[in-house]
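Heads up, the thing below is written out as structure tokens.
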Amino acid sequence: MTERVAIVGAGLTGSLLACYLARRGLVVTLYERRPDPRTGTPERGRSINLAISERGLDALRRIDLAEQVMADALPMPGRMIHPVDGPLDFQPYSIDGERAINSISRGALNNALLDAAEKAPGVRIVFEHRLTGLDPRTGAMTFETPAGSASATADVVLGADGAGSAVRGQLLGAGLVAETLDFLDYGYKELTIPPAGGEFAFDPGALHIWPRGTSMMIALPNPDRSFTCTLFWPNGGRSSFASLSSPAAIEAHFREHYPDVVPLMPTLVEDFQLNPVGLLGTVHVRPWQYDGRAALVGDAAHAIVPFYGQGANCGFEDVVELDRCLDQTGGSWADALPLFEQRRYVNTEAIARMALANFVEMRDKVASPVFRLGKRVEHVLERTLPGVYVSRYELVSFSTTPYAEIQCRVTRQHRVLAAAVAALAAGAAALTTSVFANRHGRARSRGYSRTHRGRWRR
């Protein structure tokens with residue numbers, strides 16, 4: 001008998017997962033609480049462009065979707081730093097300047113994956129079905145729909161319904177999982193920079209960052225030559241979303257802190273006042289599954305903050321690993337789901353920590369001369385020791401090295417680097433001392449002596 005799998009959540013991870021499970025000959029029903037996003041109007045201020053990198057591309061290649069999905073993506077081989085005053089500063093992501101992360105609309109990617117899932121044999125997509133009940137022991141589900149309550153059953157129920165997962169809520173209510181939600185005292189709000197004279201207002205080959213110490217703004221290019229900007233600001237205090245209420249205050253704040261964008265944002269005040277403020281936080285859950293019958297994947301299991309651009313990439317990597325576990329266990333969900341959690345948990349916790357650390361880097365450090373010098377030294381080491389010394393950013397964005405391995409490797413590299421810097425510093429100090437001693441000796445041999453002011457005299 002063919003197993004029936006229910007995937008709750010037809011977002012990025014859920015839609016991709018449906019494509020993968022269809023290849024296994026399973027009967028898949030994809031439930032989504034929203035109306036079909038391909039026919040409706042996007043929710044205002046909630047798009048957040050995605051930066052798809054190697055992990056996401058790897059998942060798409062495995063089902064021959066990479067070329068189609070990435071057709072409209074815009075490569076960004078580096079970040080462009082916008083100071084309040086002074087010239088722009090482009091910082092390449094890789095040593096050769098050729099590797100890039102890719103800006104893509106979340107909505108466009110979701111639509112492409114929905115199209116692929118809809119075409120896959122054995123997949124059915126049901127919209128406007130909000131999960132209101134789940135018995136994980138039997139796979140019985142209830143939904144709220146425009147026509148009233150509906151029910152369904154499945155052999156396996158997979159929650160791919162995001163950070164606010166209804167499936168996770170049902171498992172919590174049944175006492176089968178425990179969660180910790182770590183929210184930042186920051187929120188995000190989206191703004192738009194439209195095309196300027198039909199062209200991009202800034203270089204489209206970069207992720208643009210306006211680092212301002214305790215806050216920042218980023219901008220990613222879109223195929224229509226606009227930029228989607230995202231503010232990451234504190235929720236309270238003087239320079240926060242709550243502190244700006246009047247149009248005059250909004251314009252004055254942006255002219256002071258983001259002077260180069262104000263002339264390029266004709267709807268600045270309207271967007272700022274009408275677009276919602278989103279939450280930023282990390283979701284920690286254990287266990288991710290119950291009895292091989294119900295499980296969480298993607299953000300439902302491990303939502304992270306977006307500062308490494310790895311949210312979607314990490315969710316896609318979940319799908320690849322779950323598919324791998326099903327292969328290795330002969331398709332047994334009872335064996336595959338615990339194995340999946342065992343392999344992925346340590347890695348998702350690692351990227352959660354790295355994403356938080358990268359927020360501090362983007363917000364506080366990228367404009368620092370010391371930081372820029374460190375990046376130049378790091379690139380020199382990568383060229384001198386190819387394959388031996390690789391930066392954390394390259395390992396995260398341009399490889400599929402497990403996140404936990406990256407943390408261990410980078411820690412070792414930094415220890416070696418620190419030792420090398422210390423040795424160089426000691427060598428430089430010894431050389432300086434030696435030069436000084438030699439000059440001092442030559443001077444004395446010629447009849448000179450040192451005055452109390454440090455000058456030499458006969």
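Assorted remarks:
- In order through the stretch 253-264: 3J(HN,Hα) via Karplus (6.51 cos²θ - 1.76 cosθ + 1.60), integer Hz, x for Gly, Pro: 5, 5, 5, 7, 9, 9, x, 6, 9, 4, x, 9
- The C-alpha radius of gyration of the stretch 284-414, expressed as a fraction of 2.2 N^0.38 Å, stands at 1.22.
- Quarter of the Cα convex hull surface for the stretch 126-183, i.e. its orientation-mean projected area (nm²): 4.6
- According to the calculation over all Cα-Cα pairs in the chain, the P(r) per 20 Å bin from zero is 22, 49, 21, 6, 2, 0 %.
- Here the ratio of the Cα radius of gyration of the stretch 49-131 to 2.2 N^0.38 Å is 1.47.
- Paramagnetic reach from Asp72 (point 7 Å along Cα→Cβ, amide N under 15 Å) across the stretch 214-253: 221-228
- ³J(HN,Hα), Karplus 6.51/-1.76/1.60, whole Hz, each residue of the stretch 309-324, x for Gly, Pro: x, 10, x, 5, 4, 5, x, 5, 5, 4, 4, 4, 5, 5, 4, 5
- For the peptides 313-322, 88-97, the ranking by mean Cβ contacts within 10 Å, running from highest to lowest, is 313-322, 88-97.
- Anchor Lys119: aspartates and glutamates whose Cα lies under 16 Å away (excluding residues fewer than 8 positions away in-chain): Asp36, Asp64
- Those aspartates and glutamates that a straight Cα-Cα span of less than 14 Å connects to Lys189, excepting residues fewer than 8 apart in one chain: Glu43, Glu270, Asp271
- On full extension, the segment bounded by Thr142 and Glu98 gains 10.9 nm, given 0.36 nm per residue less the C-alpha separation.
- At R0 = 41 Å, FRET efficiency that the Cβ-Cβ distance of His414 and Phe183 yields, to 0.05: 0.90
- Proximal lysines to Lys375, defined as alpha-carbon separation beneath 22 angstrom and excluding residues fewer than eight positions away on the same chain: Lys365
- On the beta carbon distance between Arg343 and Ala422, with R0 = 45 Å, the FRET formula returns roughly 0.75.
- The distance between label points at Thr39 and Asp64 comes to 2.9 nm (points 7 Å beyond Cα on the Cα→Cβ vector).
No lab work stands behind these numbers, since they all come straight from the coordinates. The model shown is predicted, which means the values in this text are computed figures rather than measured ones. Cβ: placed from backbone, ideal geometry, glycine included. Neighbour counts: every protein chain shown.
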